1. Under 1.5 on a/c is rounded, so check that first for region 41-114, then, if it is not, pick prolate when a/b is larger than b/c and oblate when it is not; a ≥ b ≥ c are the square roots of the alpha carbon gyration tensor eigenvalues.
2. Distance check, please: which entries in 75/275; 95/275; 89/266 exceed 29 angstrom between their Cα atoms?
3. Which Cα, out of 94, 79, 51, lies furthest along the positive dipole direction of region 48-105 (beta carbon charges, K/R +1, D/E -1)?
4. Apply the Karplus parameterisation 6.51 cos²θ - 1.76 cosθ + 1.60, with θ equal to phi minus 60°, to every residue of region 167-175 and state each ³J(HN,Hα) to the nearest whole Hz, in sequence, with x for glycine and proline.
5. Assign unit charges at the C-beta atoms only (+1 for Lys and Arg, -1 for Asp and Glu), then state the dipole size of region 42-107 relative to its Cα centre in Debye, rounded to the nearest 20.
6. Each residue of region 133-138 in order: what ³J(HN,Hα) in whole Hz does its phi give by Karplus 6.51 cos²θ - 1.76 cosθ + 1.60, θ = phi - 60°, with x for Gly and Pro?
7. Working with all protein chains in place, sort 39, 87 by solvent-accessible area computed with a 1.4 Å probe, largest first.
8. Which of the three applies to region 84-147, rounded, prolate or oblate, going by the alpha-carbon gyration tensor with a ≥ b ≥ c and a/c under 1.5 meaning rounded?
Amino acid sequence: SSSSSSSDEEEGQADRHTSNTDTSSSSYDDSLVQRLQQYGTYNRLKQVALSKLASFIAAYDNPRLAELKEAFSSKDDAGNLTGKVPYHKVERVLKNGEFQLSDLEVRQLLSSFHVDSEGNIDINEWLAALIDWREVQSTDQWDALISRVFDTFDLDHSGRLGAAELESLLCDEEVGCLVEDTVPAAMRAAEVDSMTSIDYPADASSNGAAEGGQASNAGQASNDGRGLGGAECSPREHQQRQQKQQLPVSKSPWDGGGIDLPAFAKLLRTAQHDKLELYDSRRVKRE
């Protein structure tokens, strides 16, 4: 038992060292609690989809993700990363004295993650919570990544994610959906998000709209140069608004037999108003 105690103590020291690294190279440290709070507000379909996105991004040589993997993933006897994040390790980081969190708050922060029978969180699910998705969304690869995830989920290649596919994504293979509303909730989330317009620069790819897809007028400037609520805008602002294109609004997931790609893409974007600064970092202030 003494050797076990010694091992736990050494692991705790290692975790404290991990969490106290220079924030210039480990920026997750300052924003860790904020990112976990933000991730917890996402619906389950968005969480699952971002996990799949994270797995695609992690397949490339990405120094940022390599750093996060090294910081949180467990290792096998040969010293190789296992792709698993021990729940107790994350719990220990959150309780290391750097954050003002109660035991209940720690459990609440981690309640969004699936913990397997061995007490581990999948590394891609953990990365999905810590990746700066706004930064990824600003890259040229974002649309291609979204399409790739959608195609992976669209098992019957129908162009829509139906109830059966959503159930296979969101529910346990053996016991099914523990919450009866799981699939309808995903449908509702996609329906709400598909009603919200997303502006893209005029040179962005928007073939769906160009080919006659129904475009949303939500948030679109009217021809008299007024924005939402009739607020005046300058001629330059009016011209910029007119030069923007929008993704087509999808049919309701209920009417169309599932969630299509435009609705799926909107669901995964981080809303402009959902800023990390809105969440409490809970960092302990040092004198």
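1. On the way: a/c = 2.07, a/b = 1.20, b/c = 1.71.
In terms of gyration-tensor shape, oblate.
2. Details: 75/275 34 Å; 95/275 25 Å; 89/266 34 Å.
Table pairs above 29 Å Cα-Cα are 75/275; 89/266.
3. 51
4. 5, 5, 7, 9, 10, 5, 4, 8, 9
5. On the way: 11 positive and 9 negative charges, 64 e Å.
Dipole of region 42-107, to the nearest 20 debye: 300 debye.
6. Along region 133-138, the couplings run 6, 4, 5, 5, 4, 7 Hz.
7. Values: 39 5, 87 55 Å².
Heavy-atom accessible area, descending, gives 87, 39.
8. Numbers: a/c = 3.03, a/b = 1.80, b/c = 1.68.
In terms of gyration-tensor shape, prolate.
The values are calculated or read from the model by the stated rules, or taken from the named source; none is laboratory data. Since the model is a prediction, treat every value here as computed from it, not as a measurement. Note that we place each Cβ from the backbone using ideal geometry, even for glycine, and neighbour counts take in every protein chain shown. The area values use the complete protein model at the heavy-atom level, side chains included, leaving out ligands, DNA and RNA. Shrake-Rupley method; radii C 1.70, N 1.55, O 1.52, S 1.80 Å.
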